[in-house]
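Student: Could you have a look at this structure, given as structure tokens, before my questions?
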Amino acid sequence: LLKKLAEAGIPTNKPSGAFFAFSDIRQCSLSSFDFCVQLLREKGVLVFPGTQYGQGGEGFIRISFLASLEHLEDAIDRLGDFYHERAAG
């Protein structure tokens, strides 16, 4: 999954033993919360705003790996499309 996120151009910290990843969305012009809401509405992908885990999480999203690989790969494709539609520059 981390490889797929990297291929989609979404910077992601390597998790240390958890079923979650923290991805950097600071290139987008949206808050973490707005990014998550719009992603769900437009692409049907549920991720969580980094601010849910403290104010230092602004500019990041939390992605759960608790789904089938097929579903995760499809979700990352849709996430990547959404991310690049909103990335600055």
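Student: Put +1 on the Cβ of every Lys and Arg and -1 on every Asp and Glu Cβ in the chain; which of F48, A67, F82 then has its Cα farthest towards the positive end of the dipole?
Tutor: Of the candidates, F48 comes out farthest on the positive side.
Student: Cβ under 14 Å from K3's Cβ, K3 left aside: what net charge do those residues give with Lys, Arg +1 and Asp, Glu -1? Display every interim value, and only then the final one.
Tutor: Values: positive: K4, K14; negative: E7, E73, D77.
Combined, the nearby Lys, Arg, Asp and Glu give -1.
Student: Any chance you could run the full-extension gain for D77 through S29? It's 0.36 nm times the residue separation minus the Cα-Cα distance, nm to one decimal.
Tutor: Details: separation 48, 0.36 × 48 = 17.28 nm, distance 1.98 nm.
Using 0.36 nm per residue and subtracting the Cα-Cα distance, I get 15.3 nm.
Student: Quote to one decimal, in nm, the extra length available between K14 and L2 on full extension: 0.36 nm per residue of separation minus the C-alpha distance between them. Intermediate results must be reported in sequence, preceding the final value.
Tutor: Numbers: separation 12, 0.36 × 12 = 4.32 nm, distance 0.74 nm.
So the chain would gain 3.6 nm between K14 and L2.
Student: May I pose another question? For the chain, what does -39500 (n - 2.57) per DSSP helix run (n ≥ 4), summed and divided by total residues, give at 222 nm, in deg cm²/dmol to the nearest 500? It would help to have the intermediate numbers written out before the result.
Tutor: Numbers: 3 runs with 36 residues, N = 89.
My calculation for the chain gives -12500 deg cm²/dmol from helical runs alone.
Student: Over the chain, with the other protein chains present, what is the accessible area per residue in square angstrom, probe 1.4 angstrom?
Tutor: Working: 5290 Å² over 89 residues.
With the other protein chains kept in place, the chain gives 59 Å² per residue.
Student: Rounded, prolate or oblate: which fits the range 6-53 when a ≥ b ≥ c are the square roots of the eigenvalues of the alpha-carbon gyration tensor, with rounded for a/c under 1.5 and prolate only if a/b beats b/c? Mind showing how you got there, number by number?
Tutor: Details: a/c = 1.60, a/b = 1.42, b/c = 1.12.
Prolate.
Student: Show me 53-62, 11-20 ranked by packing, highest mean number of other Cβ atoms within 10 Å first. Display every interim value, and only then the final one.
Tutor: On the way: 53-62: 15.6, 11-20: 10.7.
With the highest mean Cβ count within 10 Å placed first, the list reads 53-62, 11-20.
Student: Could I ask something else about it? For the chain, with only Lys/Arg (+1) and Asp/Glu (-1) charged at the beta-carbon, what is the dipole magnitude about the Cα centre, in debye rounded to 20? List each step's numbers first, then the result.
Tutor: Details: 9 positive and 11 negative charges, 44 e Å.
I would put it at about 220 debye.
Student: Give the carbon-plus-sulfur fraction of the accessible surface of the chain in %, rounded to a whole number; probe 1.4 Å, heavy atoms of protein chains only. It would help to have the intermediate numbers written out before the result.
Tutor: On the way: 2810 of 5290 Å².
That share works out to 53 percent.
Student: Evaluate the relative contact order of the chain (contact order divided by residue number), counting alpha-carbon pairs under 8 angstrom at least 6 apart; express in whole percent.
Tutor: Details: 129 pairs, mean separation 30.0, N = 89.
Contact order relative to length: 34 percent.
Student: How big is the antiparallel share of DSSP beta bridges in the chain, given as a percent to the nearest 5?
Tutor: Values: 10 of 10 bridges.
Of all bridge pairs located within the chain, approximately 100 percent are antiparallel.
The values are calculated or read from the model by the stated rules, or taken from the named source; none is laboratory data. In this text, all values refer to a predicted model and were calculated from it rather than measured experimentally. All Cβ positions, even for glycine, are placed from backbone atoms using ideal geometry, and neighbour counts span all protein chains on display. Remember, those area values only see protein heavy atoms, side chains included, never the ligands or the DNA or RNA. Shrake-Rupley method; radii C 1.70, N 1.55, O 1.52, S 1.80 Å.
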